[in-house]
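S.K.: My questions will all concern the structure given below.
The values are calculated or read from the model by the stated rules, or taken from the named source; none is laboratory data. Here the structure is a predicted model, which is why all the values come from computation and not from measurement. Here the Cβ is made from the backbone with ideal geometry for all residues, glycine too, and neighbour counts use every protein chain on show. All accessible areas refer to the heavy atoms of the entire protein, side chains included, with ligands and DNA or RNA removed. Shrake-Rupley method; radii C 1.70, N 1.55, O 1.52, S 1.80 Å.
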Amino acid sequence: RGGELAQQKLSLKAEVEHHSIQTKVLQRTNTELKAIFTAEKAEIAKQLEAANKKVEKAMKTNVKLDQEEVRKLEVRAEEVDLELDEAQQYLQLEQAAECAFILDCDMCVELWNAAAARTTGRTRGEVVG
């Protein structure tokens, strides 16, 4: 009986340690994604600023500037904002204490968080895809 309890205790300790490691990895991933998107957003902001300066200069000299370039940069900045929001929402679901999963339009599992794996006993590898 005592050996069985010790075995269960070791098993629970290993599971807690495993979840702790998963949480740290997800937090690191979240931080890395934020850094990537923030850097990309900063670069686009610089490009926008440069394009706006070109517009101002062109207006002063009555030279027409390719407004399409400016519009493309503005659209890309909006896209980066949306991608960052989506990545943050995805990571929030991934780290949620409650079961969470996402299905794509073909009803294939895209996301299967740790809580869903614990609750169902099915690993992410078994259900994603």
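S.K.: Scan the stretch 68-110 for residues that are part of a helix (DSSP H, G or I) and among the β-branched types (Val, Ile, Thr) and jot them down.
M.R.: Of everything in the stretch 68-110, those that are part of a helix (DSSP H, G or I) and among the β-branched types (Val, Ile, Thr) turn out to be Val70, Val75, Val80.
S.K.: Here's something else I'd like to know. Would you please name the residue that is surrounded by the fewest Cβ atoms within 10 Å (Cβ to Cβ), looking only at residues in the stretch 23-50 that are of a type in the set (Lys, Arg) and touching a residue at least 12 places away in the same chain (Cβ under 8 Å)?
M.R.: Step by step, filter the stretch 23-50, then rank; the result is Lys34.
S.K.: If you don't mind, another one. Suppose the filter is open to solvent by 90 Å² or more (accessible area, probe 1.4 Å), over 24 Å from Arg122 (Cα atoms) and in contact (Cβ under 8 Å) with a residue 24 or more places away in the chain; does Lys53 pass it?
M.R.: no
S.K.: Which ones in the stretch 86-129 are within 16 Å of Thr23 (Cβ to Cβ), open to solvent by less than 70 Å² (accessible area, probe 1.4 Å) and charged (D, E, K, R)?
M.R.: The answer is Glu94, and nothing else.
S.K.: Then there's this: Mind telling me which of the residues Glu32, Glu4 ends up being farther than 28 Å from Glu83 by Cβ and assigned to a helix (DSSP H, G or I)? Talk me through it step by step, then tell me what you get.
M.R.: Working: Glu32 fails: farther than 28 Å from Glu83 by Cβ.
Selected residue: Glu4, the only one of Glu32, Glu4 that is farther than 28 Å from Glu83 by Cβ and assigned to a helix (DSSP H, G or I).
S.K.: Here's something else I'd like to know. Quick one: would you say Gln47 is assigned to a helix (DSSP H, G or I) and under 30 Å from Val109 (Cβ atoms)?
M.R.: no
S.K.: Can you name the number of the only condition in (1) in contact with a Lys or Arg (Cβ under 9 Å, 6 or more places away or on another chain); (2) farther than 25 Å from Arg122 by Cα that Asp85 fails?
M.R.: For Asp85, the failing item is (1).
S.K.: Please work out if Glu40 is out of contact with any Pro (no Cβ under 7 Å at 6 or more places or on another chain) and within 30 Å of Gly129 (Cβ to Cβ). It would help to see each step written out before you state the result.
M.R.: Numbers: out of contact with any Pro (no Cβ under 7 Å at 6 or more places or on another chain): yes; within 30 Å of Gly129 (Cβ to Cβ): yes.
For Glu40, the condition - out of contact with any Pro (no Cβ under 7 Å at 6 or more places or on another chain) and within 30 Å of Gly129 (Cβ to Cβ) - is met.
S.K.: Can you name every residue in the stretch 116-129 that is in contact with a helix residue (DSSP H, G or I) (Cβ under 9 Å, 6 or more places away or on another chain) and touching a residue at least 12 places away in the same chain (Cβ under 8 Å)?
M.R.: Passing the criteria: Ala116, Thr120, Arg124, Val127.
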